[in-house]
Ligand code: SF4
């Protein structure tokens, strides 16, 4: 069976952007491929952070992932820092990664320009971040990585690193991982301006109550052409319509399209229908989250079991890597 690896930042509870953009896809994939899913806390320390908050957010992420349908008995779910081999392989990969490739990474350029604009110096970890990402994937010799469009460049670098290592030490040892493009399109924030992101404050949390969700949906940006209820709109430019595509049945999506173009519905009518469909999907997830919160040991045990299984795979890879590199007696 093909193996898939994917990681998610420990940003606390999921919001609907990372649920629709990644996790919902993981829930389906775990039944189709051997799946290794990792909460990548080592990637979260390249910038200043509070240790207690990181721990709390890591646990909240694990809880929400399981509530959202990630089944630790079906896939391997673990926290990155629980498997030390990730950083060992990263060091090895640093020795076969061209510096120029790292400096060209868009995310490095963006983040370093932000970090460099203040007093804070740029940590080397920001530059080497994609090398750790390559180690995350290749440690499990994963064939596929579900990614959004903005991650394709990092995956290409993982392929370069696999090729370089293979060329020097053992032809064909690491597979060149292929991108599995996430079927759901990029989810924009409720401000309609940028990708949904906690730092921009434009999210809907997966565990927010129906009233909280409505309080956010009601003022959300729609097609600016719909100034009056009688103005026809274009659903293709409306973020609420994208959310209908994600949460509403196909016949509702067709109906929304027609009602928007003919000004049959006002935007509040449209948002009420969306709200109903969102709540229908999120309520069972929220119920599972409440059960898990009542039994926190279940989440801890799931992560410990996942780390154990991940370590078994990682140890085999590292034993063979050290052997091929002459690092064993
Ligand atoms: S009717 Fe719906 S799809 Fe059309 S602009 Fe309003 S919220 Fe968007």
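For the chain, what are Rg and Dmax over the alpha carbons, in angstrom?
Radius of gyration, then largest Cα-Cα span, for the chain: 21.7, 79 Å.
Can you list, bin by bin at 5 Å, the percent of alpha carbon pairs in the range 208-289, starting at 0?
Reading upward from the zero bin: 3, 16, 27, 24, 15, 9, 4, 2, 0.
Per 10 Å bin from zero, what fraction in whole % of the C-alpha pairs of the range 160-230 is there, up to the bin with the longest pair?
Computed distribution, short to long bins: 16, 26, 20, 15, 14, 8, 1.
Which length gain, in nm to one decimal place, applies between residue 251 and residue 263 when the Cα-Cα distance is subtracted from 0.36 nm times their residue separation?
The residue 251-residue 263 span can extend by a further 2.5 nm.
Would you list 74, 252, 97, 64 from fewest to most Cβ contacts within 10 Å?
Listing 74, 252, 97, 64 from fewest to most nearby Cβ atoms yields 74, 252, 97, 64.
Which whole-number percent is the relative contact order of the range 119-193 (Cα, under 8 Å, 6+ apart)?
Taking the mean separation of contacting Cα pairs over the length of the range 119-193, I get 36 percent.
Return the tail of the calculated pair distribution for the range 100-255, meaning the percent of Cα-Cα pairs more than 29 Å apart.
42
When the chain is fully extended, how far beyond the present Cα-Cα distance does residue 112 get from residue 168, taking 0.36 nm per residue of separation?
Values: separation 56, 0.36 × 56 = 20.16 nm, distance 3.14 nm.
My answer for the length gained is 17.0 nm.
For the range 31-106, what is the Kirkwood estimate of the hydrodynamic radius, computed as the reciprocal of the mean inverse distance between distinct Cα atoms, to one decimal in Å?
Here the Kirkwood hydrodynamic radius works out to 14.7 Å.
By counting other Cβ atoms within 10 Å of each Cβ, how are 213, 45, 16 ranked from fewest to most?
The fewest-first ordering by Cβ neighbours comes to 45, 213, 16.
Return the whole-Å distance between the Cα centroid of the range 286-329 and the Cα centroid of the range 151-205.
21
Restricting to Cα pairs below 8 Å that are 6+ residues apart, what does the relative contact order work out to for the range 208-289? Please round to a whole percent.
On the way: 74 pairs, mean separation 25.3, N = 82.
Result for the range 208-289 is 31 percent.
With an 8 Å cut-off on Cα pairs and a minimum separation of 6 or more residues, tell me the relative contact order of the chain in percent.
The normalised contact order for the chain reaches 22 percent.
If I fit a long axis through the Cα atoms of helix 267-294 and take the longest principal axis of the Cα atoms of the chain, what angle between them do I get, 0 to 90°, rounded to 10?
The angle comes out near 40 degrees.
Nearest 5 is fine: what % of DSSP beta bridges in the chain come out antiparallel, could you say?
10
Once you sort the root eigenvalues of the Cα gyration tensor of the range 256-329 as a ≥ b ≥ c, which label holds: rounded (a/c under 1.5), prolate (a/b larger than b/c) or oblate (the other case)?
Judged from the Cα gyration tensor, the range 256-329 comes out oblate (a/c at least 1.5, b/c at or above a/b).
Helix 296-324: angle to the longest alpha-carbon principal axis of the chain, degrees 0 to 90, nearest 10?
40
So what is the calculated 222 nm ellipticity per residue for the chain, using -39500 (n - 2.57) for each DSSP H run with n of 4 or more, over all residues, to the nearest 500 deg cm²/dmol? Let's see the in-between values first.
Working: 12 runs with 168 residues, N = 329.
Taking each H run of at least 4 residues, the total per residue is -16500 deg cm²/dmol.
Using only Cα atoms, tell me the angle between helix 152-169 and the longest principal axis of the chain; keep it within 0 to 90° and round to the nearest 10.
Helix 152-169 and the main axis of the chain meet at about 10 degrees.
Using a 10 Å cut-off around each Cβ, can you sort 322, 141 from fewest to most neighbouring Cβ atoms? Don't skip to the answer; put the middle values down first.
Numbers: 322 13, 141 17.
Fewest to most other Cβ atoms nearby, the residues stand as 322, 141.
Bear in mind these aren't lab numbers, they're just calculated from the coordinates by the rules spelled out. No experiment lies behind these values; they were computed from the predicted model shown. Neighbour counts run over all protein chains shown; Cβ positions are idealised from the backbone, glycine included.
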